1. Among (1) assigned to a helix (DSSP H, G or I); (2) on the phi > 0 side of the Ramachandran plot, where does residue 55 come up short?
2. Residue 234: crowded, with 23+ Cβ neighbours inside 10 Å, in contact (Cβ under 8 Å) with a residue 12 or more places away in the chain and not aliphatic (A, V, I, L, M), yes or no?
3. One residue is enough: does segment 278-286 have a residue meeting the conditions over 19 Å from residue 37 (Cβ atoms), more than 16 Å from the ligand (Cβ to nearest atom) and among the charged types (D, E, K, R)?
4. What residue, of 186, 160, 191, 182, is among the charged types (D, E, K, R) and without any contact (Cβ under 8 Å) to a residue 60 or more places away in the chain?
5. Give just the number: which of (1) out of contact with any Leu (no Cβ under 9 Å at 6 or more places or on another chain); (2) surrounded by 20 or more Cβ atoms within 10 Å (Cβ to Cβ) does residue 39 not satisfy?
6. Which condition from (1) β-branched (Val, Ile, Thr); (2) within 12 Å of the ligand (Cβ to nearest atom); (3) in the same structural domain as residue 16 (by TED's automatic domain parsing) is the one that residue 194 breaks?
7. Where residues in segment 136-158 are within 12 Å of the ligand (Cβ to nearest atom) and in a helix (DSSP H, G or I), which of them is nearest to residue 87 (Cα to Cα)?
8. Here are the criteria: (1) assigned to a helix (DSSP H, G or I); (2) open to solvent by less than 40 Å² (accessible area, probe 1.4 Å). Tell me which single one residue 46 does not satisfy.
Amino acid sequence: MNARAAVLAGLGGWLPPVRVTNDDLARELDTSDEWITTRTGIRQRFVVPPGLSTSGVAVEAGARALESAGAHRVDLLVLATSTPDHPCPATAPEVAGRLGLGPIPAFDVAAVCTGFVYALATASSMITAGVADSALVIGADTFSTILDPEDRTTRAIFGDGAGAAVLRAGHPAESGALLGFDLGSDGSQADLITVPGGGSEYRSKGLAEPGDAFFAMQGRPVFRNAVTRMSESSQRLVRRLGWPVESVDRLVAHQANIRILSAVGADLGLPDEKVVANLDRVGNTVAASIPLALTDAVATGSVVPGHRVLLCGFGGGLTWGAAALRFPDLSVEPLPYHAAPAELAPAH
Ligand code: ACO
């Protein structure tokens, strides 16, 4: 066994201040609270007000994770996002600068909703290899900025937010040590989740149309892939670790749809109380989804020290991944669910 491990030392999350309920959406689109709640389990989501972008939400979550860890500096920042402030440069150096972290290495990882697991694996590997002694890993996305305002399906699902974790070098036997990862991708199904315009392919073909810059998703095949890929990835990882599946105390999976979470839990034979869910309050926050759900579970006492916790994600690419740890004792601030000032109208 490797003598050095990356250990979870801090955790935090942040939600932007504009709350959009299902009834708010039903006032401008052909949808209803009943449809969205029964098909997805989502009741509300938070979106950025004009002027706030991914770097801003990432800084807020990063600051909370650093505070949770009692850390003022780290050696490395990895930001998982598919909605960077700009196509170039990456958003991570901007976030590191605004957090006052100095001239540390900072870069983005793009794996859509699996981004946080990929970023965690990247930072963990750099720590175990001795490249860094500590890292801030942030998952942040502002999908409200790339959704078609007329698309009732994606508007119902996605919300903005950021979640973050601090890792430090430690020993594999410590609580909080990241014990293993399972990562994968299938580019043959890249067209199921896509923003067609704005990249080099469309531009080189002279194809870019304004609507092509909006996010598009084929809901049904994505749903099926999400269930099988997350179940299989989780099973491969626990098998490799020698954990009987029933010994997993909490599954913190990507928060896309409550029916996906139930199906993954059922595939793994885990009862509902072991499957963490906060998507009713935040929607699908893409790369922020797993750290936001984990932050909520720790702050509310659902995840406690000693728990065997399995993280697992699925997203565009297609990409998927799982990570496992025995949970440490962390002090975590509750998520600001009620940070919706009455004077701010829902985003349009
Ligand atoms: N309100 C009312 N009706 C709606 C809405 C809405 N918000 N959205 C879609 N509908 C309609 C459709 O137009 C369709 O109508 P039709 O039968 O007249 O054509 C009907 O509802 C059924 O549509 P389906 O797409 O078949 O509905 P489904 O039950 O599959 O639910 C959903 C759609 C919620 C998108 C589901 O497929 C899903 O959750 N997919 C997975 C999403 C996901 O996991 N994303 C994660 C990865 S995303 C990433 O990586 C960024």
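The values are calculated or read from the model by the stated rules, or taken from the named source; none is laboratory data. A quick note: this is a predicted structure, and the numbers were derived from the prediction, not measured. Every residue, glycine among them, receives a Cβ derived from its backbone with ideal geometry; neighbour counts consider all protein chains shown. Areas reflect the complete protein model, heavy atoms only, side chains present, ligands, DNA and RNA absent. Shrake-Rupley method; radii C 1.70, N 1.55, O 1.52, S 1.80 Å.
1. Of (1) assigned to a helix (DSSP H, G or I); (2) on the phi > 0 side of the Ramachandran plot, only one is false for residue 55: (2).
2. Values: crowded, with 23+ Cβ neighbours inside 10 Å: yes; in contact (Cβ under 8 Å) with a residue 12 or more places away in the chain: yes; not aliphatic (A, V, I, L, M): yes.
Taking the combined requirement at face value, the residue satisfies it.
3. Taking segment 278-286 first, the residues over 19 Å from residue 37 (Cβ atoms) are 286.
After this cut, where a residue has to be more than 16 Å from the ligand (Cβ to nearest atom) as well, the list is none.
For segment 278-286, residues over 19 Å from residue 37 (Cβ atoms), more than 16 Å from the ligand (Cβ to nearest atom) and among the charged types (D, E, K, R): absent.
4. On the way: 186 fails: without any contact (Cβ under 8 Å) to a residue 60 or more places away in the chain; 160 fails: without any contact (Cβ under 8 Å) to a residue 60 or more places away in the chain; 182 fails: without any contact (Cβ under 8 Å) to a residue 60 or more places away in the chain.
Going through 186, 160, 191, 182 in turn, just one is among the charged types (D, E, K, R) and without any contact (Cβ under 8 Å) to a residue 60 or more places away in the chain: 191.
5. Of (1) out of contact with any Leu (no Cβ under 9 Å at 6 or more places or on another chain); (2) surrounded by 20 or more Cβ atoms within 10 Å (Cβ to Cβ), only one is false for residue 39: (2).
6. Only one criterion in (1) β-branched (Val, Ile, Thr); (2) within 12 Å of the ligand (Cβ to nearest atom); (3) in the same structural domain as residue 16 (by TED's automatic domain parsing) is unmet by residue 194, namely (3).
7. 143
8. Going through the list (1) assigned to a helix (DSSP H, G or I); (2) open to solvent by less than 40 Å² (accessible area, probe 1.4 Å), residue 46 breaks only (1).
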